[in-house]
1. Normalised by the number of residues in chain A, what is the relative contact order in percent for Cα pairs under 8 Å and 6+ residues apart?
2. Which cross-chain or sequence-distant (5 or more) residues have an amide H under 5 Å from the amide H of A:G26, H modelled 1.01 Å from N in plane?
3. Could you size up the charge dipole of the range B:47-95 around its Cα centre, putting +1 on the beta carbon of Lys and Arg and -1 on that of Asp and Glu, and report it in debye to the nearest 20?
4. Once the Cα gyration tensor of the protein assembly as shown is diagonalised, what are the square roots of 5 times its eigenvalues, in whole Å and ordered largest first, as equivalent ellipsoid semi-axes?
5. Among B:L3, B:G33, B:V21, which residue has its Cα furthest toward the positive end of the charge dipole of chain B, with +1 on Lys/Arg Cβ and -1 on Asp/Glu Cβ?
6. Would you mind working out the magnitude of the charge dipole of the range A:107-220 relative to its Cα centre, with +1 at each Lys and Arg C-beta and -1 at each Asp and Glu C-beta, to the nearest 20 Debye?
7. Of the residues A:T118, A:T326, A:T277, which exhibits the maximal mean-square fluctuation in a Gaussian network model of chain A defined by a 10 Å Cα contact cut-off?
8. Cα to Cα, under 17 Å, and not fewer than 8 places away if on the same chain: which lysines meet these conditions relative to B:K96?
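Just so it is clear, none of the values below were taken in a lab; they were calculated from the coordinates. Given the structure is predicted, the values throughout are model-derived calculations rather than measurements. Please note: Cβ atoms are built from the backbone with ideal geometry, for glycine as well, and neighbour counts cover all protein chains shown.
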Amino acid sequence: MTAARPANGTAAAAAGVLADLVDLGGAGLVVTELAPGWTAPAVGPGAVRVGVHRSRARPAGDLERFDILLSADAQAPRPWVGVGAEGVDAALARLAAAVDAQPAAAAVAAQVLRMSLTLPFDQALVLESLAYSMLLASEGFAGWRAANPARLRADDGRPRVQVAETESRLVIRLDRAEARNAFDARMRDALVEAFEFALAHPDAPPVELSGLGPVFSAGGDLDEFGRADDAGLAHLIRTLRAPARLARALGPRLAVRVHGAGIGAGIEVPAAAARVTLAPGTVLRLPEVAMGLIPGAGGTATIPRRIGRRRAAWMAISGAEVDAATAVSWGLADALGPGP
Amino acid sequence: MELKPGSRWRSAVCDAELVVVKPAKIPVTLECGGAPVIPHAEARAEGAAVAADHAAGSLAGKRYADPETGLEVLCTKAGAGSLSIDGRPIGATEAKKLPASD
């Protein structure tokens, strides 16, 4: 979606509206220190609500109202994100900067994650796509795209995905190593075709998905972002050709081996699988909010189903990297394992 | 041969395996590698070879459809032989491409 950049006067007016929204509790980051006797502030649905636990026993009370819960206890269990005593202020600063840079995307990420687990999986995918399509038409995304122009890359036309059968299983490999297996429309369609084949296979064999090259996937192909010029049609395409939906439909048959990096779609799709293994040293990250978007490859449906909505919101809104050990302890992946 | 939907076949001359997705509207013979396919449950005879003019290969996961007779099969195991109907080669159907949705 290529929206015209607003004239300076318009940008200034928008900044004024945003400041008003923050004052009114309709946007921005709202932090509640969960010290004894804490009360939750009354804020609108557009505020990202963070609860902070700094010392002594972890607070009880109605924590449902918070989108993200930070704890000074590095070992704090779900739903807390344990950042360590010295990490709390840095985590808050990181969230404040993220929300300040992309207030609409951060709010929408929080809102979608509040709803996701209340819906059946397939409906949660549709919800995500509705929100994503809206953000494609937002100024936050247009600003990111203008600052990060797309390159035109030659396409060698090679298949994006390899499908091979061994004696015991079907092996699907992302095959775009030269672009760190960036997810473009061709890869999306090829992966959907491979998953549909797996679903239609009369033997229903186990299926293994991995990526060729240095990393499993660096995520959506940034050179395609902004290419869709009809947000309505883009929504219909995204919900029809949804690898995460098919990955989920494969149920216990699907195992994904992630190595190197799983960025954006590179963890959103694996998280739909019954089993995910990470090669040691693998890093996972959701970069979309910083681009004025939210995860759009199913991550708001798949990731909270693995780690809960508060840890998912931390990943989505902060954009922070999650290392392999943390990912396994959270349940974002099931185990460490060898690379492909 | 009765190419019923869901029925499974194997090439008589290579590793290819097939499952019928849509039947043909008229009786046809499906071949792979130039020889009629055999039921999946049967073992292929030793020493059979792919005919040189039917050696373009079959790819696992691809659908092969014949607009003339309506027959559509899914290749479930790749092989060196390519598919034909009554001697007439049939190609893989390209999945419809859709544009970027970002």
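1. Values: 704 pairs, mean separation 61.4, N = 340.
RCO, chain A: 18 percent.
2. Amide H neighbours of A:G26: A:G44.
3. On the way: 4 positive and 6 negative charges, 48 e Å.
Dipole size: approximately 220 debye.
4. Details: eigenvalues 470, 113, 59 Å².
Taking √(5λ) for each eigenvalue gives 48, 24, 17 Å, largest first.
5. B:V21
6. On the way: 12 positive and 15 negative charges, 107 e Å.
Computed about the Cα centre, the dipole is about 520 debye.
7. Residue with maximal mean-square fluctuation among A:T118, A:T326, A:T277: A:T118.
8. Once the sequence-local lysines are set aside, what remains near B:K96 is B:K62.
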